[in-house]
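Below is one structure, written out as structure tokens, with a few remarks after it.
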Amino acid sequence: MESSELERFEAIVLPHLDAAYTLARYLTGNTQDAQDIVQDASLRALKYFRGFRGTEPRDGRAWLLTIVRNTVRTWRQRRHPQSADTAFDEEQHSERIADDDAAVNLDRKETRARLGEALAQLPDEFREVIVLRDIQELSYQEISEVTGVPEGTVMSRLHRARQRLRRMLVRGGKTGERVI
Amino acid sequence: MSETEFERRLSAAIRDEMPPLHAPEELRQRVRAAISNAATPTRWERWGGGPYSSTTRWLALAASLALVAVGGTVGYQLAERRAGEAALADQVLASHVRSLMPGHLTDVVSSDQHTVKPWFNGKLDYSPPVSDFTTQGFPLLGGRLDYVGGRPVGALVYGRRQHVINVLLWPAIAGAEGPSVRTRQGYHLLHWTAGDYTWWVASDLGLSELQEFAGLLRADQTRSSR
């Protein structure tokens, strides 16, 4: 790699290490795995950087996050080879909820405390759109770029993911007690 | 509460409960080390025809093979060590050049040796000796972590007028040796092994002044190890 290219990499990609770590950490739920993944993803990014056309520091974020996201998937497949066989089915993973179950009080401490746990239980495809949108505040277009699905799918997936979170929060913990 | 209103509030609650994170400092350093390590060998390609080109590598290899044939094991080990040292010189020079790029010189900026030395705690498996030579005209500017010879190493940065001097050192494997002098692309590299450490000094400073500086370092180490 030429030194000007390395400088470009350092200016465009490296500023997004926080974002990369945030995504890896919330997707894996583990700080050590997240660090390994970000290091691995950074090296992959360096390897493929020549093909990247971005010129501004902000261009690098979605690009690096795409690599982080794919690195997490590879890492998961290595760890749980059988789970990769079950293709994600939007409909199967989504259920309608009755309106009267909709009253979830997001101001309650108990409800908020369960949010992280609920997020961790979502299927990967749902969790990643929530993390990218609600935690990292990416645009639909950027999320489409990172996840490789059309913007329309991103929006419907996000909606279903939130419905699912709501259902988990309504149901409450293992007791099945309703928290409102 | 409407569906959309709920989604908006759920978003806000998620953001409150699970904020964006900061990459740990350890991770930043790991990434920087991995990247400079991956980028360094190819960086030389651009300067191809430089004093340490791939031709030189092949010559070194050929020389070591020839020595196996002629001189046997001892000769081979000597050649291998020389080739290893040349490769290290390569990396030390790359470290020096990289450090001169904007924002890369120091991780800890301080002219106080008692600030620089403890900064390395927990970052290296050794505690590099740090001295200040301000009164002799070589002020300490700070320290930095780098990755050379397949291990994380401490770099101490000194100044002389507008010149920057990098001192890289790590625990010695072999016995006392040197000092030796190399000149590459207008930079001088001094190398020696004494006491517990292997030392490399790199700068564009004139050779006599750099040797004066190396003399200070060596004298300082002899004093402190007595």
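If you take the residues of the stretch A:144-158 that are crowded, with 21+ Cβ neighbours inside 10 Å and out of contact with any Lys or Arg (no Cβ under 6 Å at 6 or more places or on another chain), which of them is nearest to A:Arg58 (Cα to Cα)?
Keep residues of the stretch A:144-158 that are crowded, with 21+ Cβ neighbours inside 10 Å, which gives A:146, A:154, A:157.
With out of contact with any Lys or Arg (no Cβ under 6 Å at 6 or more places or on another chain) added as a condition, the list becomes A:154, A:157.
Details: A:Val154: 21, A:Arg157: 25 Å.
Going through the qualifying residues, I end up with A:Val154.
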Original post:
Can you name the number of the only condition in (1) surrounded by 19 or more Cβ atoms within 10 Å (Cβ to Cβ); (2) under 30 Å from A:Gly60 (Cα atoms); (3) modelled with pLDDT under 75 that A:Ala84 fails?
Top reply: (1)
Subject >> Unique match (being surrounded by 17 or more Cβ atoms within 10 Å (Cβ to Cβ), within 11 Å of chain B (Cβ to nearest Cβ) and more than 14 Å from the chain's Cα centre (by Cα)) among A:Gln39, A:Gln32 >> reply: A:Gln39
**OP:** Within the stretch B:148-178, track down each residue that is modelled with pLDDT under 90, within 13 Å of the chain's Cα centre (by Cα) and either outside any strand (DSSP E or B) or of a type in the set (Phe, Trp, Tyr) (or both).
**Re:** B:Gly149, B:Gly150
**OP:** Could you check B:Gly175 against (1) free of Cβ contacts under 8 Å to residues at least 24 places away in the same chain; (2) closer than 27 Å to B:Val109 by Cβ and say which number it fails?
**Re:** (2)
Original post:
When you look at A:Val72, is it modelled with pLDDT of 95 or more and either within 14 Å of chain B (Cβ to nearest Cβ) or surrounded by 15 or more Cβ atoms within 10 Å (Cβ to Cβ) (or both), yes or no?
Top reply: no
Subject >> Subset of the stretch B:132-151 [more than 10 Å from B:Ala33 (Cα to Cα), touching a residue at least 40 places away in the same chain (Cβ under 8 Å) and buried (at least 20 other Cβ atoms within 10 Å of the Cβ)] >> reply: B:Phe138, B:Arg144
**OP:** Spot the failing condition for B:Phe213; the list is (1) of a type in the set (A, V, I, L, M, F, W, C); (2) farther than 19 Å from B:Ser95 by Cβ; (3) part of a helix (DSSP H, G or I), and only one is missed.
**Re:** (2)
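The values are calculated or read from the model by the stated rules, or taken from the named source; none is laboratory data. In this text, all values refer to a predicted model and were calculated from it rather than measured experimentally. FYI the Cβ positions are ideal-geometry reconstructions off the backbone, even for glycines, and counts take in every protein chain you see.
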